[in-house]
Amino acid sequence: MSRIGVFVCHCGENISRTVDVERVAAQVGKMPGVAFATDYKYMCSDPGQTLLKKTIQEQKLSHVVVAACSPRMHEKTFRKAVEAAGLNPYLCEMANIREHCSWVHEDKQEATAKAIEIVGMLVERVKKNRVLPTITVPVTKRSLVIGGGIAGIQAALDIADAGHEVVLVERDPSIGGHMAQLSETFPTLDCSQCIMTPKMVDVANHPNITLYSYSEIEQVDGYIGNFQVTIRRKARSVDEDKCTGCGVCMEKCPVKKIPNKFDCNLGMRPAIYVPFPQAVPNTPVIDRDNCIKFKTGKCGLCQKVCGPGAVDYEQEDTLIVEPVGAIVVATGFDLYTIDEKPKGSMIKGYGEFGHGKIPDVIDGMTFERLASASGPTGGKILRPSDGKEPKQIVFIQCIGSRAREKGISYCSKVCCMYTAKHTMLYHHKVHDGQAYVFFMDARTPGKAYDEFWRRSIEEEEAVYIRGMVSRLYQKGNKIVVMGSDIAVGVQVEIEADMVVLATAIQPRTGADSLAQKLGISYDKYNFYSEAHAKLRPVECATAGIYLAGACQGPKDIPDTVSQASAAAAKVMTLFAKDKLEREPIVARVKEAGCVGCFACKKVCAYGAVEEKEIRDRQGNLIKVVAYVNPGVCGGCGTCQATCPSKSVELDGYTDEQIVAMIEAL
Amino acid sequence: MIISQSTMDVDFVRKVEALSGTSVRRCFQCGKCSAGCPMATFMEHPPNRVVRLLQLGQWQRILAGRSIWYCASCETCSTRCPNKVHLASIMDALRKLSWDAEGPSKESYVQLANKLFLQNIRTYGRQYEMRLAAVFNVKSGQFLKDLMLGPKLISKGKLKMFHSKNKNMPEIEKIFTRIEEMRKKGEAL
């Protein structure tokens, strides 16, 4: 006979305001199997937990039900307390009489009656709980970092410095990401290349970091501590081991006029190229779509001139499998474009700004390349259309961002600051020019950020105009900007030479398909979701996967670096243990009943169901049954619901227990 | 309103800044000055908008209005400004600069009154109210303005029918010529 203890919590007044807790305790105390029932003001507090522990020992309780808040809130707390009192923690259950009862009801009589029923159900369920041993799994102390921007680089360096191996995977031919494209960085105006490239070199030289550039994630299997990651190394057509990075191939390549994506298509590159001179690794890649050799079979000049013989036209994509224990996702962002979007797309373009067809309307990243000393103009700010210096330049903030109608309702966070920076860069380079900024709000929360913005106005003579631009159109070689100054309440018209749009930050294209491979959740914009917005901001809900940088939401460099280091710290915390403990709430197969249809295998979201052969003593195969790998099982119970022969059961949620709960009603 | 480097009269704004000893660019348009201004309800451009127009170099819009003349120089705005923009000084500077500025206030006759006032001083060495009132009414086109106050003021001896000249007219003329010379040299406004 079980001796169940029931502890009813007041939760201050949260529960006791609408539920007569004393009556609940008295009523439940009369139920068969219940040996003890009481109520207490705060069960989760230290005296509350002490009461729980003392009662378990004094009353020799066999099971415990705590009627309080949601198990999401305090299940761990009470199971720990129960374990400390000498009981198996999985013999303790929580009855949720707060979120499910007191918070959603007003009538005390009815709420109390419902609370009694809820607690009664849990009493019936806990009676059939089994003693469950904790599952331990080994940890592979290697980490995968996806994305070689500043977030990925920082996370990789931190983990590698702690002495763990890191596999860094970058989609592009070079690491560096968006930060490598920037001219100068706010709020100190230090040159991005100067602070970025040393870190890139550190990555290349670090003994603990394996860098796979020009590679993508193909498949992710396994679970926390034991992931198997398949990486596709795209054919570079140049042998990384042989190439010395001399650059002769690039000089000799006859195709020279391919717009360079790194320079926002303003600069040109050959078909065999490194995206920028400071690239890491400094190994060229052949752009097969534009290479004459790949298009017509002729040419082959680069192979002829290559001294070490590194050029290899026969190279093919290779797949490699890396075992890792933790994954840091740092895939970064893409910039919104104002061009026409496909029909039915959630995101819309800006017809009123010419859908991006006016050549001198550029985005912020293009401006960065124009202002950059290593950019296509050598740091001169020139119009893309005729190469003249713009004397009147208009910056427009919040393009795409904060525009629900365009499909994006969030603030992109960095535009206010980088636009202020742009006005300064412009003022430093074009002394007789005038910069205007149309803005809705200036959002500058950050250390020395507001001062920086004010400096652009007070010292660098930018004219800020509060109000959104309604329309842009080409008039001769000028762009007419029609806006309004809402502080004065008048319409404003500026004939500009160049317009720079501070376009929104969006997740990388394909962020959703990577999330599906990783099994992590993402929001409607495809930003990856953290486990808790405030208290677990760098962890995914999927154990062992961490987030860094703008793939989680718009972020500036300081925030990105902080989050990357935080993700690295989380990985190190995981690697500090040799074995991982995890909740034993997993599915078990009753082999006698299993017919081996593997319907469970098809529905399992975690890939936890395996095939197991059952043989007799002579080794003859009797049947093949399902086997749930307890290390992988997520405890969702889908297999239990699917199994046609009722041969899978989830511990703590068996059919028997569910029926008992229903019968208690 | 068309904004360009040519419509933004930066030189005028610099003059305002030099005269008032305060920066116009510092203002970030929080509106606190207008919130506390006792005269704001009478102004077509409340104090914050006066600064905003200055930031855009649109001083003609300010001087064409009556805002600067309604300012009572109580300095509530300057006292409370979070950015140390001394708006009362800016108003003062604008009033001074309006003297020579083209297209001054049509809304307000303050400028006219001031001019006539000084003319009278120069002619008589002291104020001749009857003439001031009469010329003001004629020039401003409000012939009957405050006419009924006349008899009352005369009966109380506040309004003299005939003028009395100052004895030291040459001395007074000296003051005026000196200031005019200083203005020519740019030493005074």
Quiz item: How large is ³J(HN,Hα) for each residue in region A:611-621, as worked out from phi by the Karplus curve 6.51 cos²θ - 1.76 cosθ + 1.60 (θ = phi - 60°), to whole Hz, x for Gly and Pro?
Solution: 9, 10, 8, 10, 10, 7, 5, 7, x, 7, 5
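If a/c stays under 1.5 just call it rounded; otherwise compare a/b with b/c (prolate if a/b is bigger, oblate if not). Do that for region B:10-97, with a ≥ b ≥ c from the square roots of the Cα gyration tensor eigenvalues. Write down the numbers at each step before the final one.
Details: a/c = 1.44, a/b = 1.14, b/c = 1.26.
Rounded.
Which of A:100, A:164 comes first, and how do the rest follow, when ranked by fewest Cβ neighbours within 10 Å? Walk me through the intermediate numbers first.
Working: A:100 15, A:164 21.
So the ranking, lowest neighbour count to highest, is A:100, A:164.
What order, most packed first, do the peptides A:503-513, B:50-60 have when packing is the mean number of other Cβ atoms within 10 Å of each residue? Walk me through the intermediate numbers first.
Numbers: A:503-513: 19.3, B:50-60: 22.8.
Ranking, from highest mean packing down: B:50-60, A:503-513.
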Quiz prompt | Cα-Cα over 18 Å, subset of A:357/A:429; A:534/A:570; A:41/A:128; B:15/B:96; A:128/A:601; A:60/A:127 | solution = A:357/A:429; A:41/A:128; A:128/A:601
Quiz item: Between residue A:662 and residue A:230, what FRET efficiency follows from the Cβ-Cβ distance if R0 is 45 Å, with the result rounded to 0.05?
Solution: 0.50
Exercise. Pop a pseudo-label 7 angstrom from the Cα along the beta-carbon direction at both residue B:164 and residue A:292 and give the gap in nm to one decimal.
Key: 10.8 nm
Practice problem: Please identify which residues in region A:629-665 have an amide N closer than 18 Å to a label point set 7 Å out from the Cα of residue A:621, following the Cα→Cβ vector. | Solution: none
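How much net charge surrounds residue A:478 when only other residues with a Cβ under 15 Å from its Cβ are counted (Lys, Arg +1; Asp, Glu -1)? Don't skip to the end; give the middle numbers.
Details: positive: A:383, A:388, A:391, A:471, A:475; negative: A:360, A:386, A:389, A:493, A:495, A:497.
In short, -1.
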Exercise. Please sort A:490-501, A:608-619 by packing, taking for each peptide the average over its residues of neighbouring beta carbons within 10 angstrom, highest first.
Key: A:490-501, A:608-619
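Which value at 222 nm does chain A reach when only helices count, each DSSP H run of 4 or more adding -39,500 (n - 2.57), with the total divided by all residues and rounded to the nearest 500 deg cm²/dmol? Display every interim value, and only then the final one.
Values: 17 runs with 177 residues, N = 665.
So the helix-based figure for chain A works out to -8000 deg cm²/dmol.
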Self-check item: Approximate spin-label separation residue B:44-residue A:339, in nm, with each point projected 7 Å along Cα-to-Cβ
Solution: 4.8 nm
Self-check item: Note, ³J(HN,Hα) from phi for region A:326-332, Karplus 6.51, -1.76, 1.60, rounded to Hz, x at Gly and Pro
Solution: 8, 10, 9, 9, 9, 8, x
Quiz item: What shape does region A:122-269 have by the C-alpha gyration tensor, where a ≥ b ≥ c are the square roots of the eigenvalues, rounded means a/c under 1.5, and otherwise prolate means a/b greater than b/c and oblate the rest?
Solution: prolate
Quiz item: Tell me, how many Å apart are the Cα centres for region A:251-271 and for region A:294-308?
Solution: 17 Å
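Sorted by packing (mean other beta-carbon atoms within 10 Å per residue), highest first, where do B:169-176, A:622-629 land? Can you show the working numbers first?
On the way: B:169-176: 11.8, A:622-629: 17.4.
Ranking the peptides B:169-176, A:622-629 by packing returns A:622-629, B:169-176.
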Self-check item: Local net charge near residue A:546, Cβ-Cβ under 11 Å (Lys/Arg +1, Asp/Glu -1)
Solution: 0
Quiz item: Roughly what would the spin-label model give for residue A:599 and residue A:482, points 7 Å off Cα along C-beta, in nm?
Solution: 6.4 nm
Quiz item: Pulled fully out, how much extra length does the chain show between residue A:611 and residue A:645, if you take 0.36 nm times their separation in residues and subtract their Cα-Cα distance?
Solution: 10.6 nm
Quiz prompt | Other-chain or far-sequence residues with amide H under 5 Å of residue A:498's (modelled H) | solution = A:392, A:394
Quiz item: Could you state the principal axis extents of the C-alpha atoms in chain A, from the largest down, to the nearest angstrom?
Solution: 90, 76, 45
Exercise. In whole Hz, with x marking every Gly and Pro, tabulate ³J(HN,Hα) for region A:594-605 from phi via Karplus 6.51 cos²θ - 1.76 cosθ + 1.60, θ = phi - 60°.
Key: 5, 9, x, 7, 6, 4, 5, 5, 5, 8, 5, 6
Quiz prompt | Other-chain or far-sequence residues with amide H under 5 Å of residue A:541's (modelled H) | solution = A:521, A:531
Quiz item: If you add up the charges near residue A:53, with Lys and Arg at +1 and Asp and Glu at -1, over every other residue whose beta carbon is less than 11 angstrom from its beta carbon, what do you get?
Solution: -1
Exercise. Under 4.7 Å Cβ to Cβ, no partner at all: give me those cysteines from chain B, in residue order.
Key: B:27, B:30, B:37, B:71, B:74, B:81
Quiz prompt | Amide hydrogen neighbours beyond the local backbone of residue A:143, cut-off 5 Å, H modeled | solution = A:165, A:166, A:167, A:325
Quiz prompt | Alpha carbon convex hull of region A:587-663, volume per residue in cubic angstrom | solution = 95 Å³
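Relative contact order of chain A, please, whole-number percent, based on alpha carbon pairs below 8 angstrom and at least 6 residues apart.
Details: 1449 pairs, mean separation 84.4, N = 665.
Once divided by the residue count of chain A, the mean separation gives 13 percent.
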Self-check item: Cα centroid separation - region A:521-536 against region B:73-89, whole Å
Solution: 47 Å
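Could you work out the mean count of beta carbons from other protein chains within 10 Å of each residue's beta carbon in B:3-9? Before the final figure, lay out the partial values.
Numbers: counts 15, 8, 6, 0, 2, 3, 0.
Averaged over the peptide's residues, the number is 5.
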Quiz item: Roughly how crowded by other chains is peptide B:21-31, in terms of the mean Cβ count from those chains within 10 Å of each of its Cβ atoms?
Solution: 3
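Hand me the trypsin sites (Lys or Arg not before Pro) from region A:1-95 located in a DSSP loop with no more than 12 other Cβ atoms within 10 Å, in residue order please. Please list the in-between numbers first.
On the way: sites: A:3, A:17, A:23, A:30, A:41, A:53, A:54, A:60, A:72, A:76, A:79, A:80; in loops: A:3, A:17, A:30, A:41, A:60.
Those that pass, being in a loop and sparsely packed, are A:30, A:60.
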Practice problem: Sketch the reach of a paramagnetic label on residue A:219 as a point 7 Å from Cα along Cα-to-Cβ, and name the residues of region A:279-320 whose backbone nitrogen lies under 13 Å away. | Solution: A:319-320
Exercise. For region B:155-171 and region A:576-646, write down the distance between their C-alpha centroids in whole Å.
Key: 115 Å
Self-check item: Nearest 10 degrees, 0 to 90: helix A:150-161 Cα axis against chain A principal axis
Solution: 60 degrees
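Where a number appears in this text, it was derived from the coordinates with a stated rule and is not lab data. Please read these numbers as outputs of a predicted model, since none were measured by experiment. Positions of Cβ are backbone-derived with ideal geometry, glycine not excepted, and every protein chain shown enters the neighbour counts.
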